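Structure first, then comments.
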Amino acid sequence: MSTHTTTPPGTFDARQVKQDFPILQQTVHGKPLTYLDSAASSQKPLVVIEALDAYYRASNANIHRGVYWLSEHATALYDEAREKVARFINAPDPRSCVFVRNATEALNLVAYSWGRANLEPGDTVVLTLLEHHSNIVPWQIVTAERGATIRYVDIDHDGRLRLDQLDHYLRTERVKLVGVTHVANALGTINPVAEIAARAHAAGALVLVDGAQSVPHMPVDVQALDVDFLAFSGHKMLGPMGIGVLWGRREILEAMPPFLGGGDMIREVTTCGSTWADLPAKFEAGTPSVGDAVGLGAAIDYLTALGMDAVRAHEREIVAYALERLAQVPGVTLYGPTGEDRAGVVSFTLDDIHPHDIASIPDSEGVAIRAGHHCAQPLMDRLGVVATARASFYVYNSEEDVDRLADALQTVRRIFGPGA
Ligand code: C6P
């Protein structure tokens, strides 16, 4: 990592941080690359790339199986990565951190394992209109199977959750679980998860938090939030693709049946049936992505060195600057809240120009933004749009990147805008 010596303690210089990311040093269409799609997937610092390289050069073997040195070494690295994850989210017990492929798999694990075992006809699962499809579709499948109902908490004008509706459902229905995204990927709303958990628990419901867009960007402490499950992906937090985490309260995970069956997750198998291994192995069937877990551990080390408070402070600043700069582009409509409860995501439309056209001009200038429904179609319906353009920020983005986007949007308007 570069030394971040010229900035005050607890902060960092994003332009210096960018030097740690080889991919961001290239040009695209002859222009320097400005990457503004970290909500989809983050880029990787050299230390993570090197950790993967070192693992495959010197440490790779299947874990838990060999009695030879290399296998024991790989197992130790895998366990060490799990301990880093646990410390990062302040989980009391690393064994309650289950490695999965990504947030999607973590959310499916809860729906299929906990949902199938616990939902009965007449029960309700409360979700929100801010959810990503991966915290909606598994629940649609499982509630249909179990005869349970889903209710969706609506948003207000600014894209904040209507907690009065949550209270209403908690009061009037048999709510077994509240599933909520910590940060909305399409609007950037930071939801009051601790408050939601307190209300849900008072009504006897469990709380599943989708942390895909929060764990990479702010300090997340599962004990302080007092939630029951937290799901997130490694690739959005500077780690490799192919590794994610489900954290769950130990006693709840212990009571849950396995999600996938196969090698590693059993205690004993006979022709008549099987018994299950202890946590976390019960939920980690088959050969895990050991190298990717090691890479995630390196990403956690990198983020910890920057300081998660500093990461959040940086994004608070850059998103405030982006909201101000983009609002100056005529014809831009910005979505989502504008206060402290706004993460580093800016969704917008520009006149009635299709978001794919909006994104194509910045791309020709080397500026990568996303356009589409962001896997949040119920939210798009609620906003009355089919799609938005979206810029999302991370540790390597600076105000210069925002300026390049704002300039490119002026060009979009000249080419596609009214009177063009
Ligand atoms: N959102 C985005 O561009 P996976 O694909 O499993 O790593 O993450 C799924 C997921 C779950 N929850 C939230 C809140 C998310 O934002 C995502 C992924 C990407 O916004 C891809 S649509």
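The values are calculated or read from the model by the stated rules, or taken from the named source; none is laboratory data. Keep in mind it's a predicted model, so treat the numbers as computed, not measured. Don't worry about glycine lacking a Cβ; one is built from the backbone with ideal geometry, like all the others, and counts go over all protein chains shown.
The number of residues in the range 338-374 that are β-branched (V, I, T), part of a strand (DSSP E or B) and touching a Pro at 6+ places or on another chain (Cβ under 8 Å) comes to 1. When you go through L129, L77 one by one, which is the residue that is away from the ligand (no atom under 16 Å from the Cβ) and surrounded by fewer than 23 Cβ atoms within 10 Å (Cβ to Cβ)? Checking each option against the conditions leaves just L77. Only one entry of L170, L163, L187 meets the criterion of being under 30 Å from E315 (Cα atoms), away from the ligand (no atom under 15 Å from the Cβ) and surrounded by 15 or more Cβ atoms within 10 Å (Cβ to Cβ), and that entry is L163. Those strands (runs of 3 or more DSSP E) of the range 232-319 in which at least 3 residues are modelled with pLDDT of 95 or more and surrounded by fewer than 17 Cβ atoms within 10 Å (Cβ to Cβ), considering only elements entirely within it, cover 266-270, 273-276. One residue stands out among those in the range 375-395 that are in a loop (DSSP other than H, G, I, E, B) and surrounded by fewer than 24 Cβ atoms within 10 Å (Cβ to Cβ): the one that is farthest from the ligand (Cβ to nearest atom), which is G384. Apart from one condition, L334 fits all of (1) without any contact (Cβ under 8 Å) to a residue 40 or more places away in the chain; (2) assigned to a loop (DSSP other than H, G, I, E, B); (3) closer than 30 Å to D351 by Cβ; the exception is (2). Within the range 373-385, residues that are in contact (Cβ under 8 Å) with a residue 24 or more places away in the chain and among the hydroxyl-bearing types (S, T, Y) have Cβ atoms under 7 Å from residues that are in a loop (DSSP other than H, G, I, E, B) and within 11 Å of the ligand (Cβ to nearest atom) in no pair, counting only partners at least 6 apart in sequence or on another chain. Among the candidates A198, A194, A186, the residue that is assigned to a helix (DSSP H, G or I) and under 18 Å from the mean Cα position of the chain (by Cα) is uniquely A194. Counting just the residues of the range 30-44 that are assigned to a strand (DSSP E or B) and more than 9 Å from the ligand (Cβ to nearest atom), which one comes out nearest to M241 (Cα to Cα)? The extreme case among them is Y35.
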